[in-house]
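A quick write-up on the structure given underneath.
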Amino acid sequence: MFGPIADAIARILEVILNLIQVLVIASVLISWVGGDPGNQVVGVVRNLTEPLYRPLRRLTRNLPGPIDWAPMIVLLLVMFVQYGIIPYIRMEGRVGP
């Protein structure tokens, strides 16, 4: 009964998580090449990724070194949801009487 609903939720989550991955990678590339802050694309990417990074930066600010760990942690969390939670949603949707 919940199979199609669970599958739809899993697909929507996959699309959102893939979009987050693309945005995080774009954010990292922009930071490496020094993107123009006046550029609209750079602004959109930063406005969408900074809310994801902010809480993680508070947790990782005391780590030594000049590396910003927030993008890596976001990607790891996305991968955890993609490979750990989404298959479980699909599996629960297929279980029936």
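Readers should treat all values here as calculations from the given coordinates under stated rules, not as data from a laboratory. As the structure is a prediction and not an experimental result, all values here were calculated from the model. Every residue, glycine among them, receives a Cβ derived from its backbone with ideal geometry; neighbour counts consider all protein chains shown.
Using a 10 angstrom cutoff on alpha carbons, build the Gaussian network for the chain and name the most mobile of Gly65, Gly84, Gly34. Residue with maximal mean-square fluctuation among Gly65, Gly84, Gly34: Gly65.
Put a plus charge on the Cβ of each Lys and Arg, a minus charge on the Cβ of each Asp and Glu, and nothing anywhere else: the dipole of the chain about its Cα centre is then about 220 debye. The ranking of Val81, Val41, Val74 from fewest to most other beta carbons within 10 Å of each one's beta carbon is Val41, Val81, Val74.
Between Phe80 and Ile25, full extension at 0.36 nm per residue minus the direct alpha carbon distance yields a gain of 18.1 nm.
Sorting Arg61, Arg11 on the 10 Å Cβ count, fewest up front, what's the list?
Values: Arg61 10, Arg11 13.
Ascending number of Cβ neighbours within 10 Å: Arg61, Arg11.
If you take all other residues with their beta carbon under 15 Å from the beta carbon of Leu13, and give Lys and Arg +1 and Asp and Glu -1, the sum is -1. In the chain, the DSSP-assigned H stretches of four residues or longer account for a calculated mean residue ellipticity at 222 nm of -25000 deg cm²/dmol, using -39500 (n - 2.57) per stretch and the full residue count as denominator. In plain terms, the residue of Trp32, Trp69 with the fewest other Cβ atoms within 10 Å comes first and the most crowded comes last, giving Trp32, Trp69. Restricting the calculation to Cα atoms, the chain yields a radius of gyration followed by a Dmax of 16.9, 57 Å.
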